[in-house]
Structure formats: structure tokens, C-alpha cells
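Before any comments, here is the structure.
The values are calculated or read from the model by the stated rules, or taken from the named source; none is laboratory data. Just so you know, these numbers come straight off a predicted model, no measurement behind them. Don't worry about glycine lacking a Cβ; one is built from the backbone with ideal geometry, like all the others, and counts go over all protein chains shown. Areas reflect the complete protein model, heavy atoms only, side chains present, ligands, DNA and RNA absent. Shrake-Rupley method; radii C 1.70, N 1.55, O 1.52, S 1.80 Å.
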Amino acid sequence: YSPLYNALTIKGNPDGGQDGGFLVPKDVSTKINELRRQLVSLADVVNVENVSTSEGSRPFDMKPTKGFTKIGGELQPVPTDDQPIFSQVSYKTEPYGLRLPLSKELVEDEDANLLSYIAGWFADKQIITENDIIISKLNELKAVDVKGKLFDAIKKALNVTLDPAISPQSRIITNQSGFNMLDVEKDTNGNYLLNNSLLNGTGLQALSNAISRISNANLPDAEGKTPMYLGDFRAYMTLFRRKNLELRATDIGGDAWKNNGYEFRAITRLGATVFDKEAAVKLNIASTPSA
């Protein structure tokens with residue numbers, strides 16, 4: 001009776017066999033389930049230029065800081081003590097890439113749309129690489145430690161630090177911790193200082209400035225301080241793309257032929273240059289700011 005009972009119940013031998021347990025199949029799915037994680041592309045908030053050479057330069061004018069010189073009198077020479085000043089900003093792109101080997105058996109036998117998943121995986125790595133380059137340029141800004149109210153520091157940056165031509169186009173880039181600091185900030189009447197924005201991805205804006213929120217995993221706090229960048233980032237820097245992300249696969253090149261497999265390769269060429277270092281500011285906020 002025992003063998004018959006085991007064969008007709010779910011228990012039995014979990015590995016199947018004469019003791020049963022193999023009549024009820026295990027639920028196995030080959031669909032690739034992806035974790036839901038936010039990945040914001042900072043390329044959307046900086047200036048992006050596609051170039052056809054690996055390096056080059058761009059000329060910039062230096063705005064005049066003084067007016068005309070007073071003429072000494074009638075029939076006196078007109079002064080020639082000033083002239084336009086130009087500067088040259090250079091850029092250089094570098095190659096970034098990755099090679100991914102896969103067995104031919106896996107590629108031929110899988111039914112989880114693996115190739116489409118790999119293409120999306122490479123595309124995500126492109127965004128992360130561009131973000132890393134952009135953040136490295138943002139970190140070239142001299143940081144200002146926030147003392148006192150956060151919104152007071154933001155107002156000072158907009159009203160005093162940034163040029164009046166820059167402030168109206170300014171936006172904020174920060175991580176989750178910085179966004180939370182903004183989101184819980186209140187005025188003297190207890191009203192939250194962030195307001196709704198239909199044009200901003202976070203749904204909220206500080207004063208009239210849109211906010212780009214990056215996950216703490218991609219933009220972490222450093223040394224107990226939360227980074228917050230404020231300015232017109234299109235004026236501040238340019239991301240140069242020498243070529244868009246190139247995806248290629250082969251079963252005869254590299255080690256693919258020897259190993260009876262496929263090799264997938266992604267190559268991109270990127271660079272970034274700061275053009276106007278006064279178009280943005282960096283605020284460092286203590287992770288537990290004072291009230």
C-alpha cells in the first residue's frame with residue numbers, strides 16, 4: 001500500500017522515482033523577471049553633442065566687464081585699451097565597452113527572449129556610464145556646505161551665486177536623501193515648500209526649479225554629506241558622443257569559434273567638458289541637517 005500511496009500523493013520522493021513524487025510537475029518559468037529600479041538619464045538635463053572626431057575644441061567669448069573709456073577731450077584719440085577676449089575649450093572622447101560570451105547551446109535553446117534582454121541590459125549600462133561621466137564633472141564644482149535652512153541656501157545660490165541669466169533656467173539634481181530633505185522642508189506657517197509641477201518628472205519643484213532625483217545607489221552620500229547640484233546644466237557642460245552605442249554579435253570571431261559559442265560586444269565613445277563653470281553650484285548638506 002505504501003508505494004501506491006507515495007505514487008499518488010504530492011510528497012513521495014521529491015526527486016521522483018519508484019516512490020512517487022514525480023506526477024506533480026514543478027512550476028518552472030523561463031521568463032526573465034527584472035527588478036523595478038529607477039534609472040534616470042542625466043544626459044537629458046545637460047547639453048549633448050554628437051561629434052565626428054575623437055577630439056576637438058570650441059571657442060567661447062568672455063563677456064566684457066567694463067564699459068567704454070572716457071575720451072580725453074575734443075579732437076583727442078579714441079582709446080584702444082580694450083578688445084574682445086576669447087577662450088578655447090577642448091574635448092576628447094574615450095572608448096568604453098564590454099564583451100559578453102554566451103554558449104551556443106544557451107542561445108539556441110533558450111525561450112526567454114534572452115537576446116532582447118541583453119540588448120536592454122547593455123542600454124542600461126550606457127545610461128550608467130554617461131551618468132558617471134556627468135557626475136564626475138559635476139563634482140568638479142567647489143562645494144558649499146549648507147549651514148542653516150536648506151531653502152535659504154538654495155535661494156542664495158539662485159539670487160547671488162548664479163548669474164541672473166542662469167537662475168531662470170536652473171534645475172536641481174540630487175539623490176533620494178536630498179529629495180527627501182526638500183520634500184519635508186516647511187515654512188514658518190508649517191506649509192511644505194515644494195510645489196506641484198506638471199512638467200517635472202518627480203511631480204514637484206523647488207520654487208520654480210525642476211528636480212531630477214537620482215537613486216542613492218547611483219548617487220550616494222559621501223562623508224556624511226548629501227550632494228545637491230543647482231544650475232543650468234546645459235550651459236555648464238556638454239556630453240560628447242563620438243558614436244552611439246554599437247551592439248554586435250559573432251560566432252566566428254574572438255574566442256567564440258574555439259569555444260563553440262557567441263560573443264556579444266558593446267562599444268561606445270564618450271567624453272565631457274565643462275564650458276561654463278559658473279553656471280552651476282554644488283551644495284553639501286549634512287545627512288541630518290539642523291532645523
For this session: Pairs only if they're at least six apart or on different chains, beta carbon under 7 angstrom, first in the range 129-141 and at negative phi, second crowded, with 19+ Cβ neighbours inside 10 Å and in a helix (DSSP H, G or I); list them, first residue then second.
Result: Glu130/Leu42; Asn131/Leu42; Ile134/Leu42
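For (1) open to solvent by less than 100 Å² (accessible area, probe 1.4 Å); (2) at pLDDT 85 or above; (3) touching a His at 6+ places or on another chain (Cβ under 9 Å), each residue gets a yes or a no:
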| position | (1), (2), (3) |
| --- | --- |
| Ala7 | yes, no, no |
| Leu35 | no, no, no |
| Leu42 | yes, yes, no |
| Pro59 | no, yes, no |
| Val78 | no, yes, no |
| Phe86 | no, yes, no |
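Somewhere in the range 247-260, is a residue under 27 Å from Arg37 (Cα atoms) and in contact with a Ser or Thr (Cβ under 9 Å, 6 or more places away or on another chain)? Write out each step before concluding.
Here is the first cut: in the range 247-260, the residues under 27 Å from Arg37 (Cα atoms) are 247-248.
Of the ones still in play, those that are also in contact with a Ser or Thr (Cβ under 9 Å, 6 or more places away or on another chain) are none.
No, the conditions are met nowhere in the range 247-260.
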For this session: Please tell me if Ile214 is of a type outside the set (S, T, N, Q) and open to solvent by 30 Å² or more (accessible area, probe 1.4 Å).
Result: no
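State which residue is farthest from Glu185 (Cα to Cα) when the search covers only the range 211-227 and only residues that are of a type in the set (A, V, I, L, M) and within 16 Å of the chain's Cα centre (by Cα). Don't jump to the end; show me each part of the working.
Taking the range 211-227 as the starting set, the residues that turn out to be of a type in the set (A, V, I, L, M) are 211, 214, 217, 219, 222.
Next, from what is left, pick out any that are within 16 Å of the chain's Cα centre (by Cα): 211, 214, 217, 219.
On the way: Ile211: 15, Ile214: 19, Ala217: 23, Leu219: 21 Å.
Ranking the candidates gives Ala217 first.
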For this session: Considering each of Gly17, Gly12 in turn, give the residue that is modelled with pLDDT under 85, in contact with a Gly (Cβ under 6 Å, 6 or more places away or on another chain) and not basic (Lys, Arg).
Result: Gly12
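Would you confirm whether any residue within the range 232-249 is farther than 30 Å from Ser90 by Cβ, basic (Lys, Arg), more than 16 Å from the chain's Cα centre (by Cα) and surrounded by 16 or more Cβ atoms within 10 Å (Cβ to Cβ)?
We begin by selecting, within the range 232-249, every residue farther than 30 Å from Ser90 by Cβ; these are 248-249.
Narrowing further to those that are basic (Lys, Arg): 248.
Next, only the ones that are more than 16 Å from the chain's Cα centre (by Cα) stay: 248.
Checking the rest, the ones that are also surrounded by 16 or more Cβ atoms within 10 Å (Cβ to Cβ) come to none.
For the range 232-249, residues farther than 30 Å from Ser90 by Cβ, basic (Lys, Arg), more than 16 Å from the chain's Cα centre (by Cα) and surrounded by 16 or more Cβ atoms within 10 Å (Cβ to Cβ): absent.
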For this session: Among residues belonging to the range 204-225 that are among the charged types (D, E, K, R) and in contact (Cβ under 8 Å) with a residue 40 or more places away in the chain, point out the one that is farthest from Val45 (Cα to Cα).
Result: Lys225
For this session: Scan (1) in a strand (DSSP E or B); (2) at pLDDT below 90 for the single condition Lys258 breaks and write down its number.
Result: (1)
Exercise. Does the range 185-220 hold any residues that are outside any strand (DSSP E or B) and touching a Gly at 6+ places or on another chain (Cβ under 8 Å), and which are they?
Worked result: Ser197
